[in-house]
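The block underneath contains the structure these notes are about, expressed in structure tokens.
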Amino acid sequence: MRRNYLILIAFLFLYACQTEKEEVKVPSYTIQQFYKSTSVSGGSFSSDNSKLLVSSNETGIYNLFEIPVDGSPANQLTNSTKESYFAISYFPNSDKVLFSADKGGNELSHIFMRDEDGKITDLTPFEGARASFWGWDRDEKSFYYLCNKRNPRFMDLYQVSLKSVLSGNPKAKLLYRNNDGLDVAAKSENNRYLALTKSITTNNNEMYLFDRRTGKKVLISEHVGDASYRPQFFSLDNKYLYYLCNEDSDFVYLSKYDIASGEKSMEYKATWDIWYAYDSYNEKYRIIGINEDGKTKVKLIDLANNKEVQLPEIKDGNIKSVRLTKDESRVRLVVGTSVSPNNIYVFDMGDKTARKLTETLNPEIDSKNLVAAQVVRFESFDSLQIPAIYYQPKVATKNHKVPAMVWVHGGPGGQSRVGYFALIQYMVNQGYAVLAVNNRGSSGYGKEFYKLDDKKHGDVDLKDCIWAKKFLIKTGVVDKNKIGIIGGSYGGYMTMAALTFAPEEFKVGVNIFGVTNWLRTLKSIPPYWESFRKALYAELGDPNTADSVALHDKSPLFFADKVTKPLMVLQGANDVRVLKVESDEIVAAVKKNGVPVEYVVFDDEGHGFRKKENEIKGYGEIVTFLDKYLKEKTPESVPE
């Protein structure tokens, strides 16, 4: 606690000094310029290690591209103008590729194959079902996927032979029939063992080892108190299961389970949550991702000597993920900063430098004119230290105070992290300070912090957001009379909770597909969330029990008459998590108060916007809204 306090004091002292500086002039970039930047994801290697398969939205929507590792120009593989295509993998010894896509954001993703000649085939053409790729078999004669075609509530595991796919008649073998609402989390290479999980609460679950040969399912996570278990992978010899857990610990660590003896051993522990772990193809290296105070820290460990391999240093970049070729000689890095979208680099083992393959930031924008995110902490109403990510406009000074927005992440249980988000950078460039709050209940800060908002949503988490205002004001560069709140999904709920349950705290609110009626939302969650339903009810409340009273009382829709401040709402018509009716009703209810309300609906989007034209329109209108209702001068905003 003392360390956090000293960090806060030092931070505020630094900004107190900076406020004395003259106002900095920076170019004002348009929303169109920000969205001329490119988002790139994926990056699986081809069989000959000569190129990478990625998804890129440079066409305005996500399409498939292949990027030669020698730095040659990228080759566009698909030309979709309607649906986003997300890269999965190259086929073994072939330039055929797998990708996934849904329709308009409805989350019913299918797995598709693209031939070398551009022909596209739906390999999971099951009406009303969703399928997710699981991985290739080691003999490269088949691949696996999860699908709920048999029962909309449960995801079964299937194996489909490559021969049948190439013959034009994909044949899938059912490997695991899910009748108990369990989640398949890992599979041994010989297909004998499956690691299964069962959610109890969002803080507590069970892990089982299922033996397909004997049909026996054994609980291997007996524990006292709350603990979470996330199977990661089996060893190649099928003797060990590696998994993440926080049993007897506030933070998540990597453990190993000996299948024969039942013994468990801790393999790797840090002072933060281990986010992911996996071994390279031949188990020469282990890759571990650590969620370190809102940033990803990646470690590459040589298993022969258990020593960390030094990754090439990327100037001003944070390595977020690592992927090795099957022969473990070449490495792909995804590198990101808070002032530029992620970029892809490659290097060969032994190299001291990595070759940059992408330039994602629009060249019209100079990253030096953008604002680097800063990890900060502030004290909340009960003295709890709340982590946050702060973006301060370069134009902000003591003599030129700026408006500010408190940003709330999705979830519940999500986390705002250090990284690039064009909307936030656009807001900051237009003169708005942004404080992305990781209120109690956020992930990444230990299981005790994570459960502090259970069944207290709209109360203690909202108070954290309100106390975030104090931090903003203490910077000395924020106009205390011009602070609003914004968020998407759960963050949209927090926006509406603020405007209804604390109507005088924030001057404006921006709700991006946020929950407004918990009773409806919890009853209408997608059927394939069945394995998680009870855990969600344990955290938020069960709408079919006496909890319904509390859920009613924390639902902003039923208190919309309290809203007195301008509101903006954005919504995707195909959203299956927060139904469009949620936004329809809150907009209609708030309008009855005579309060300014702006409502933007996208007919071709779901729970999150993928098309650049929609992001430009929706996010551009957010700043137009803020300029009108927050930035404009009012009598109460006269300089002190």
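The values are calculated or read from the model by the stated rules, or taken from the named source; none is laboratory data. As the structure is a computational prediction, the values presented were derived from the model and not from experiment. Quick reminder, even Gly has a Cβ in these numbers, built from the backbone with ideal geometry, and neighbours come from all protein chains shown.
Quick notes
- Scanning segment 34-92 for residues that are more than 20 Å from V331 (Cβ to Cβ) and of a type in the set (D, E) gives E58, E83.
- Residues of segment 445-457 classified as crowded, with 23+ Cβ neighbours inside 10 Å and either among the hydrophobic types (A, V, I, L, M, F, W, C) or in a loop (DSSP other than H, G, I, E, B) (or both), total: 3
- Residues that are charged (D, E, K, R) and more than 23 Å from A185 (Cα to Cα), drawn from segment 111-159: R114, D115, E116, D117, K119, D122, E127
- Picking from residues in segment 184-232 that are among the acidic types (D, E) and modelled with pLDDT under 95, the one that is surrounded by the most Cβ atoms within 10 Å (Cβ to Cβ) is D226.
Yes/no matrix, rows are residues, columns are (1) touching a Ser or Thr at 6+ places or on another chain (Cβ under 9 Å); (2) free of Cβ contacts under 8 Å to residues at least 60 places away in the same chain:
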residue: N106; (1), (2): no, no
residue: E127; (1), (2): no, yes
residue: W136; (1), (2): yes, yes
residue: F154; (1), (2): yes, no
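- The set of residues from segment 412-437 being surrounded by 24 or more Cβ atoms within 10 Å (Cβ to Cβ) and modelled with pLDDT under 95 comprises just one member, P412.
- Selection status of K482, of a type in the set (K, R), buried (at least 24 other Cβ atoms within 10 Å of the Cβ) and in contact (Cβ under 8 Å) with a residue 24 or more places away in the chain: yes
- Residue in segment 358-381 that is acidic (D, E), surrounded by fewer than 19 Cβ atoms within 10 Å (Cβ to Cβ) and closer than 30 Å to D461 by Cβ present: yes
- Selection status of E505, among the charged types (D, E, K, R) and either within 26 Å of the chain's Cα centre (by Cα) or over 18 Å from V434 (Cβ atoms) (or both): no
- Among residues of segment 61-94, those that are exposed (fewer than 15 other Cβ atoms within 10 Å of the Cβ) and in a loop (DSSP other than H, G, I, E, B), counted: 9
- Only one entry of S261, S265 meets the criterion of being surrounded by fewer than 16 Cβ atoms within 10 Å (Cβ to Cβ), assigned to a strand (DSSP E or B), more than 29 Å from the chain's Cα centre (by Cα) and without any contact (Cβ under 8 Å) to a residue 40 or more places away in the chain, and that entry is S265.
- Here E267 fits the description: in contact with a Phe, Trp or Tyr (Cβ under 8 Å, 6 or more places away or on another chain) and among the acidic types (D, E).
- Filter result for K315 (part of a loop (DSSP other than H, G, I, E, B), of a type in the set (K, R) and under 25 Å from S55 (Cβ atoms)): no
- When Y281, Y276 are screened for being part of a strand (DSSP E or B) and at pLDDT 95 or above, only Y276 passes.
- Taking the criterion of being within 19 Å of S39 (Cα to Cα) and in contact (Cβ under 8 Å) with a residue 40 or more places away in the chain, the residues of segment 419-441 that qualify are G419, Y420, A422, L423, Q425, Y426, M427.
- All helices (runs of 4 or more DSSP H) inside segment 499-592 with 1 or more residues being under 27 Å from S228 (Cα atoms) and in contact (Cβ under 8 Å) with a residue 24 or more places away in the chain: 518-523, 530-540, 547-553
- Filter pass, E58 being closer than 26 Å to L146 by Cα, assigned to a loop (DSSP other than H, G, I, E, B) and among the acidic types (D, E): no
- Count - residues of segment 555-578 that are buried (at least 21 other Cβ atoms within 10 Å of the Cβ), modelled with pLDDT under 95 and not acidic (D, E): 1
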